[in-house]
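To start, the structure itself, in structure tokens.
The values are calculated or read from the model by the stated rules, or taken from the named source; none is laboratory data. This is a predicted model, so every value here is computed, not measured. Cβ placement follows ideal geometry from the backbone for every residue including glycine, while neighbour counts extend to all protein chains displayed. Keep in mind that these areas ignore ligands, DNA and RNA; they rest on the heavy atoms of the full protein, side chains included. Shrake-Rupley method; radii C 1.70, N 1.55, O 1.52, S 1.80 Å.
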Amino acid sequence: MIKKLSDFYHMHFGNHFFLRLMIINFLLTVFLIGLMTVVIIRNVKTLLTDQAIHHNFQALETIDTHFEDQNKSFKKILNGFYSNSMGNTIGNTDAVNAVKYLFEEPELSTLTFSDKVDIRRGLNSYMAEYGLPIDNDINDILLVGMDQEYLATSRNRSAYSKTQYYKQISAEISRSVFDDNKNINGQKIHFLTPSDFQRENTPPKVYVLYDYIRKTENTSQYNGLLAAAYSPDFIKTVYNQFSPYLLGDILILTQENQVIFDSSEQYYTSLPEALVQYQDHETGTQKTDQYIINTISNPEFGYYVVGLISNADLNHYANRLNPLIFVITSICISLILVLGYMSTKRLLGRIFTINRTLVEIEHGNLNARADVPGSNDEIKQIATNLNHMSEKLQEYIQKEYTIQLERTNAELKQKTAELYALQTQIDPHFLYNTLEAIRMGAIKSQDRETADMIKELAKLFRNSAKGSLVGTVGEEMAYCRAYLSLFSIRYQDRFTVAYEMTPETKGIAILTHLLQPIVENTIIHGVDLSKDNNWIRITAKIEQEALVISVSDTGKGMSAQRLFEVQQGLEECDQVDYGKIGLYNVQNRIRMIYGEGCGLSIQSIEGIGTCVTMRLSIRTKEELLEDVQGAGRR
């Protein structure tokens, strides 16, 4: 048996490292998930139990606050009888004496029937205007006498028969309090619970707060009683804001364990045995075999609020997430199994394919597929064959690098040829204009002017014959000075040229023939040769770490439309155009060598003049020559 297991293991797992790793990982993961599930279930149960108890206690606190406010409001109404005047009912009779007169025995009364009617009206008005507005939860306020006589004021929102309803309240109060030996100061407030009305066929769903209207001269005696009837629906409204998440029932009990309010309406007649035996009315939580009992005691008004949570309900609530946790756990384990199997199968398949492919790549056949013999595991096979593949890749990369280098050199040569072509475009155009100036000079003058012009032309030819692509700012200025001398002779000094060049700009390297086309453009299109006071100013300075050369004139200027067209043409001049010379030619050369951020800008006002500004980055002659030779790399 052991041998069979050993053979099975070696056959299916012996040489499969990743398969072994996957099985170990799966078993370990299942164990950890199971352990984590147990911990989560226990923690969730504890958390939900504590949460349910805490939520129940929060509801108790809110209901206790609301019921205490009702008691305080009732006492406020009662105290008002001692401080508020009845106005002109019987002189300035206060409410306490008015109650005395209202319930006074006829044979002892000194009041007329009309006086008693006035007192009833006054008390009724007093309770309606002063008593009812104090607490909106009050349905009815009653004054009850010793012989069950009563005076009632209502909000008119009760659905019960008023007469029968009031008779029940006055009768129950009479049963409870009319005892000659009763201590009327033993309790702040007295209660009638809904169960006190169960003697009738259709009892009203109300509870009543009542207390004695004591005589001012002797507080151990009283003139009558004040009672306020409340509907449990108002407490239910407070309770309902917690009910979607509240577990258990909430009750308000008197000190005699009579139910004032029951959220479930099932304990008005009988309490659970656990609550009957529960004598500890202190605020807190107590656990029994069947219930968890939350209690908030209010000794001031003689009641306590109880939250009754069944252990069975609590366990059901706390365990309600267990099925979901088990389902999630099962899904996680299934996903781990399926994904683990799929990923391992895919990984093993890729490794086998890589092994076969690497062997063929080693022999130069990139499309072949073959099995690799041997007993080594997959990782070792990948490592061994990866070395061979690296060698082949190195040869391939070297080959591709050589091809790319040759391609780059060809592009460099092409760009250099384009640059030379751009520069040579200027020469015919320039030569034509120069010869034309000489011709016109020869016509107008004899030997001297022609000789001077030929002399300046010789300087220009000599400079052009050097054939260098890179010069200096000083050399460009000298070239333009000679060029402008020809035109000055031609046009008989109709314009004046001013040169402003800071010392540090003189030796800065610059492409040759960048400035001359701008100057030529100024002579041909800018200067107004019909006037004698034309000015041309050529400046060179360093500004914000850049070389700035400007050529300005006081000539004809350009219209706004023409200026826009020229500026737009300079902005869109992003490739070599052999059909254009002048400003566009210069802009193309600058962008090709200096890149973005450098180039020409132009401002002009018609009738005032034009200024062309050239902005170049500062470079040495060697750097600029290198950039010219490497222009194709950008």
Of all residues making up the stretch 135-161, the number that are under 17 Å from PRO232 (Cα atoms), part of a loop (DSSP other than H, G, I, E, B) and either modelled with pLDDT of 85 or more or among the charged types (D, E, K, R) (or both): 5
Total residues in the stretch 76-95, condition in contact with a helix residue (DSSP H, G or I) (Cβ under 7 Å, 6 or more places away or on another chain), at pLDDT 80 or above and open to solvent by less than 30 Å² (accessible area, probe 1.4 Å): 3
TYR317 being surrounded by 13 or more Cβ atoms within 10 Å (Cβ to Cβ), farther than 28 Å from VAL39 by Cβ and of a type outside the set (Val, Ile, Thr): no
Test result for SER73, at pLDDT 80 or above, closer than 23 Å to ILE235 by Cα, assigned to a helix (DSSP H, G or I) and not aromatic (Phe, Trp, Tyr): yes
Leading residue by the ranking (modelled with the lowest pLDDT) among those in the stretch 539-575 that are of a type in the set (A, V, I, L, M) and within 46 Å of the chain's Cα centre (by Cα): LEU570
Any pair with Cβ under 6 angstrom, 6 or more apart, that starts in the stretch 499-519 at a residue that is farther than 16 Å from VAL551 by Cβ and ends at one that is open to solvent by less than 10 Å² (accessible area, probe 1.4 Å) and in a loop (DSSP other than H, G, I, E, B): none
All positions within the stretch 534-555 that are out of contact with any strand residue (DSSP E or B) (no Cβ under 8 Å at 6 or more places or on another chain) and under 25 Å from SER488 (Cα atoms): none
Close pairs from the stretch 208-237: first more than 16 Å from SER83 (Cα to Cα) and modelled with pLDDT of 85 or more, partner of a type in the set (D, E, K, R) and open to solvent by less than 10 Å² (accessible area, probe 1.4 Å), Cβ under 7 Å, at least 6 apart: LEU225/ASP211; ALA229/ASP140
Pair list, Cβ under 8 Å, 6 or more apart: the stretch 175-203 residue closer than 19 Å to THR216 by Cα and modelled with pLDDT of 75 or more, other residue assigned to a strand (DSSP E or B) and of a type in the set (A, V, I, L, M): ILE189/LEU209
Among the candidates LEU460, LEU431, residue that is out of contact with any strand residue (DSSP E or B) (no Cβ under 9 Å at 6 or more places or on another chain), open to solvent by less than 10 Å² (accessible area, probe 1.4 Å), assigned to a helix (DSSP H, G or I) and modelled with pLDDT under 70: LEU460
Close pairs from the stretch 60-80: first more than 19 Å from THR283 (Cα to Cα), partner part of a helix (DSSP H, G or I) and not small (Gly, Ala, Ser), Cβ under 7 Å, at least 6 apart: SER73/ILE134; LYS76/ILE134; ILE77/ILE134; GLY80/TYR130
Selection status of SER468, at pLDDT 75 or above, open to solvent by 20 Å² or more (accessible area, probe 1.4 Å) and of a type outside the set (D, E, K, R): no
Considering residues of the stretch 598-631 that are buried (at least 18 other Cβ atoms within 10 Å of the Cβ) and assigned to a helix (DSSP H, G or I) only, the residue modelled with the highest pLDDT: LEU624
